[in-house]
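First the structure, in the form of structure tokens, and then the observations on it.
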Amino acid sequence: MYPRPFHYHRASSLREAVTMLSQLGEDARFLAGGQSLIPLMKLRFSNPSHLVDLSFVPGAAYIKQERSALHFGALTRHSEIENSATAAMLPVLHDCAAGIADVQVRNRGTIGGSLAEADPSGDWATVLLTQETELRCLGPSGERTVPLRGFITDAYTTVLGHDELIQEVIVRIPPPGSGGAYLAFKRSAPVYPTASVAVQLTMDGGVCKDAVITLGCVGLTVVRSEGSEAALRGHEIDDKAIAAAMEAARAAADPQADMRGSVEYKRVLVAALLKRAIEIAMRRARGEQVEVSHIYA
Amino acid sequence: MPDIFEKVAIQLKVNGKTHSLTVEPRMLLVELLREALDLTGTHVGCDTTYCGACTVIMNGAAVKSCTVFAVQADGAEITTVEGLEKDGKLHPIQQAFGDSFGLQCGYCTPGLMLSTLQLLSKNQQPSDKDIRKAIAGNTCRCTGYQNIFKAIQLAAQNTKGA
């Protein structure tokens, strides 16, 4: 399968890439790892006339800690995050990076590309919305920093201008006593998850001080389950609180029936994933090491 | 309206040999390997980033060559299945797939062997779980995978210290 013909442009810096895209007009797109865009182009769902390739830009892939935050260059590949000791400070990031698709896709796909693509079934947005995440973006009129909350406005749609890109992803390190978990259920490795859940719990002894809970693949954008959060916040996390959080997640999910399952199936699945994710996040909040990976059918 | 889509000059090293070519931007790496370089051991299975039959090693990392534009491989070092054999002698991974009956029709085998090459380059003593994770992006519709797992375990033993 061949995409429609296009003009190819290779940027040597992100600033040059932005300038190129402004000049080339609406029919031009950035190419990062290409693991979403190339399949879409081969199926001719996306038919840009110009591609501006970011993958040769030096210095755009990095993982570093600066004070109380982790900084990821937008072109950092999922596999680099999977294997990074720095990123492992936030186990929930490893849960995500190590589970995206398969080895080959993780070796090409990038964190910035995934967020900018805003696929309703993507992994990163679901996880990073449970964290204090900011995106440093670059456009023709300069830089701006936007919170991830509010960044994705609809399926495949973000607040980015046509000629604006993500330069860096900044994730604040949560306080001690806080633990996160991300669980995605997939029918096989290379496919998108059927449903996924991310949880961040901040505990004070047995009592939940704060909770952030997001549901992935069950809406046009990531669904924040505020009812689930309210069921846990200020309470001891016992079976009753977990059951209430699950019930709220079932109600908050807004899935579509497709080849991966019916609406009811996905609601039940998302609630079950939430139960497991809460238990893992609680253990991590206590300082336990818990290894998690995506669950296969 | 006719439009001119400029071809792009690229240079890449495939199985140790340097090639300079001029390619259409939309040419996929797998087509470059198969059509331009006649290295037909790399297969096209699903052509949708699922099956992994087109897996090659690019700069040390396994990639699905149906989902990389050839222009993105400019300057890269690529290993295909043809690059495994040395001086008429099978690579230990190839030998192990044969000895363990880790293939039936053989369509997925080049991709599986290159995923194995990446695994063993980073982890000489993979656990069962490591092996399953390493080949999760490679689909085999014949074997049921059991003999492939055995082949990879055997390849790991045979390449230790090699």
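We did not get these values from a lab; they are worked out from the coordinates using the rules stated. Quick caveat, the model's predicted, so the values are computed rather than measured. Counting neighbours? That spans all protein chains shown, and the Cβs are built from the backbone with ideal geometry, glycine included.
Quick look at the numbers
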quantity	calculated
J(HN,Hα) series, the range A:131-140, from Karplus relation 6.51 cos²θ - 1.76 cosθ + 1.60, nearest Hz, glycine and proline x	10, 7, 10, 10, 10, 8, 10, 10, x, x
Amide H within-cut-off set for A:Q256, under 5 Å, with H built and near neighbours excluded	none
Net charge dipole size for the range A:7-53 [Lys, Arg +1 and Asp, Glu -1 on Cβ; Debye, nearest 20]	140 debye
Mean separation of Cα contacts under 8 Å, 6 or more apart, over the residue count of chain B: relative contact order %	23 percent
Alpha carbon convex hull of the range A:103-190, volume per residue in cubic angstrom	119 Å³
Cut-off 9 Å between beta-carbons: net charge of the residues surrounding A:A184, Lys and Arg +1, Asp and Glu -1	-1
Placed amide H near A:Y296: partners under 5 Å, 5+ positions off or other chain	A:K186
Mean residue ellipticity (222 nm) of the protein assembly as shown, computed from DSSP H runs ≥ 4 via -39,500 (n - 2.57), nearest 500	-8500 deg cm²/dmol
In order through the range B:34-46: 3J(HN,Hα) via Karplus (6.51 cos²θ - 1.76 cosθ + 1.60), integer Hz, x for Gly, Pro	7, 8, 7, 9, 6, 9, 8, x, 7, 9, 9, x, 7
Karplus (6.51, -1.76, 1.60) ³J(HN,Hα), θ = phi - 60°, over the range A:80-96, in Hz, Gly and Pro reported as x	5, 6, 3, 9, 8, 5, 5, 5, 5, 4, 10, x, 5, 6, 5, 3, 6
Cα long-axis angle, helix B:146-159 against chain B (0 to 90 degrees, to the nearest 10)	90 degrees
Relative contact order (percent, whole number), chain A, Cα cutoff 8 Å, 6+ residue spacing	16 percent
Fraction of alpha-carbon pairs over 15 Å apart in the range B:8-83 - percent	46 percent
Farthest toward positive dipole pole in the protein assembly as shown [+1 Lys/Arg, -1 Asp/Glu at C-beta], among B:G137, B:A76, B:M58	B:G137
Cβ-placed point charges (K, R +1; D, E -1), dipole of chain B about Cα centre in debye, nearest 20	640 debye
Average Cα contact separation per residue, the range A:68-205, under 8 Å, 6 or more apart, as relative contact order %	28 percent
Unit charges on C-beta of K, R, D, E only; dipole of the protein assembly as shown, Debye	820 debye
Gaussian network model of chain A, Cα within-10 Å springs - most flexible of A:E264, A:E80, A:E117	A:E264
Amide proton proximity set for A:A195, modelled H, under 5 Å, gap of 5+	A:F185
Bins of 10 Å from zero: percent of alpha-carbon pairs in chain A	7, 29, 35, 21, 8, 1
